[in-house]
Amino acid sequence: MDFNPKQHLDIGNYIKYLDEILNKCDKGIEYCKICPNEFVCSELEKDDYGLPGSTISDVLTAIQYALNKIPGYLNPDKRKALRDHIKNYINESPFHERRIWEDSILDILLDDKLANPVYKPKSKMGEVRTLLTYHSRINFSTCLKCLFLEEVTAFQDTTTILPEDVFLCSVMVVNQFAQSKRIDNICLPPTSHIKYRIEEDIMKIVAGCDMQNAGLSAALCYYSLLTNLPIPGNIAITGGLDVQGRIIPSNFLDGKIEVVLRELHFIEEILVAKDSSLSIAIPNKIKITEVGNFEQALDVVRNRNTLAKGEKP
């Protein structure tokens, strides 16, 4: 399957999509031959951006949609760059629409979520943001969620349910860990039907990803549900898991971290395998935490929850 710009919307690379559509417009706009009072960008017609047309109004509608989908805080420099860039095209829109676009698009960049540096997604049970790579080319993030079902048929929408065998190793490692530690606060028996789903219907793209790179994420999600342990929303996780519970380094780690730096400014910590190789600069606001096995990763999650409550770890 060929990857097109529109699919950046599907996988959550909203900033990437915005940058691509704006850079395409920068190559030139012209008067529409059909509607002389409207500008169009013929360059957009060469690729699939998911637009109904190539008018400035079409472009601004797509920009507004993408901005609304950004999951959290954007740093001031990026917000200003986007605001200045987008405003150029608002000024090219039909005169009667300009105030509408200014009151909608530009205000989005100043709302509490995108402009608040203390914004952090809420901690969740059985859900974490994981980092994947499509066909060794496109890196992205998605929320992986673990579900317990009493009946296999209880969940009707199966479009985002991953095949049962994808995370069998992760489930086995957690069950063995719980037994070895004699954990007695298990909420649901491990024999329940365990399903994993992703936040959007992107199964065609996921089919081109090595889901083993999400093995650690899957294990933590499962353990989170078993013990009612919330996973902080400002943590991203990548890395596989072997049958001994050791973390396997994730492929294309540089690209995955670049996704966090570009798209997920609210992420403060990334869990990766011990001795992972990195060749990109990491800003001070991002903490890269190396873990060697499942128990070490679990300790990190527990400590972050303790710190969030203001307690001593």
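The values are calculated or read from the model by the stated rules, or taken from the named source; none is laboratory data. Worth saying up front: this structure is predicted, and the values here are computed from it rather than measured. Here Cβ is always computed from backbone atoms with ideal geometry, including for glycine, and neighbour counts include all displayed protein chains. Note: accessible area is taken over every heavy atom of the protein model, side chains too, but ligands, DNA and RNA are not part of it. Shrake-Rupley method; radii C 1.70, N 1.55, O 1.52, S 1.80 Å.
Remark: segment 1-144 carries 50 Å² of accessible area per residue (probe radius 1.4 Å; ligands, DNA and RNA excluded). Surface listing: S180, S93 arranged by accessible area from highest to lowest gives S180, S93, probe 1.4 Å.
When only Cα pairs below 8 angstrom with a gap of at least 6 residues are kept, segment 254-313 shows a relative contact order of 28 percent. Largest mean-square fluctuation among E199, E30, E269, in a Gaussian network model of the chain whose springs join Cα atoms under 10 Å apart, belongs to E30.
Sort M172, M211 from largest to smallest accessible area, using a 1.4 Å probe on the heavy atoms of the protein chains.
From most accessible down to least: M172, M211.
Ligands, DNA and RNA excluded, the heavy atoms of H135 present near 90 Å² of accessible surface to a 1.4 Å solvent probe.
Of the candidates P249, P283, P121, which one comes out as most mobile in a Gaussian network treatment of the chain with C-alpha springs shorter than 10 Å? Answer for the Gaussian network model of the chain: P283. Extents of the chain, taken as max minus min of Cα coordinates on every principal axis and listed largest first, are 73, 43, 36 Å.
What does the convex hull of the Cα atoms of segment 38-174 come to per residue, in Å³, rounded to a whole number? Present the calculation step by step, with values, prior to reporting the outcome.
Working: hull volume 26.3 nm³, N = 137.
Taking the convex hull of the Cα positions in segment 38-174, it is 192 Å³ per residue.
Provide the gained length on full extension for the span A308 to Q176, in nm with one decimal, where the gain is 0.36 nm per separating residue minus the Cα-Cα distance. Mind showing how you got there, number by number?
Details: separation 132, 0.36 × 132 = 47.52 nm, distance 2.86 nm.
Answer, rounded to one decimal: 44.7 nm.
Residues Y49, Y65, ordered by accessible area of protein heavy atoms at a 1.4 angstrom probe radius and largest first, appear as Y65, Y49.
Rounded to the nearest 20 debye, the dipole magnitude of segment 161-255 is 320 debye, with +1 charges on Lys and Arg beta carbons, -1 on Asp and Glu beta carbons, and the Cα centre as origin. Taking label positions 7 Å along the Cα-Cβ direction at both S42 and V243, the computed distance is 6.2 nm, reported to one decimal.
Express the carbon and sulfur contribution to the solvent-accessible surface of the chain as a percent, rounded to the nearest whole number, probe 1.4 angstrom.
Details: 7560 of 15420 Å².
C and S atoms contribute 49 percent here.
Here's the list of lysines a cross-link from K78 could span, going by alpha-carbon distance under 22 Å and ignoring same-chain residues fewer than 8 apart: K6, K16, K24, K27, K69, K87, K113, K120, K256, K285, K287. Using a Gaussian network model of the chain in which every pair of alpha carbons under 10 angstrom is joined by a spring, one finds that among F266, F148, F167 the greatest mean-square fluctuation is at F148. Rg over Rh for segment 183-313 works out to 0.96, using Cα positions for both radii and the Kirkwood form for Rh. A crude spin-label estimate for the pair K80 and F3, with each label 7 Å from Cα along the Cβ direction, gives 3.1 nm.
Of all DSSP beta bridges in the chain, what percent run antiparallel (nearest 5)? If we restrict to bridges inside the chain, about 70 percent are antiparallel. Solvent-accessible area of E290, all protein chains in place: 90 Å² (probe radius 1.4 Å, heavy atoms, ligands and nucleic acids excluded). Exposure check, 1.4 Å probe, all protein chains in place: R304 carries approximately 50 Å² of accessible surface. With an 8 Å Cα cut-off and a minimum separation of 6 or more residues, compute the relative contact order for segment 1-132 in percent. Reported relative contact order: 22 percent. Note on the chain: with charges restricted to the Cβ of Lys and Arg (+1) and Asp and Glu (-1), its dipole about the Cα centre is near 980 debye. Computed on the chain, with alpha-carbon pairs under 8 angstrom and 6+ residues apart, the relative contact order is 17 percent.
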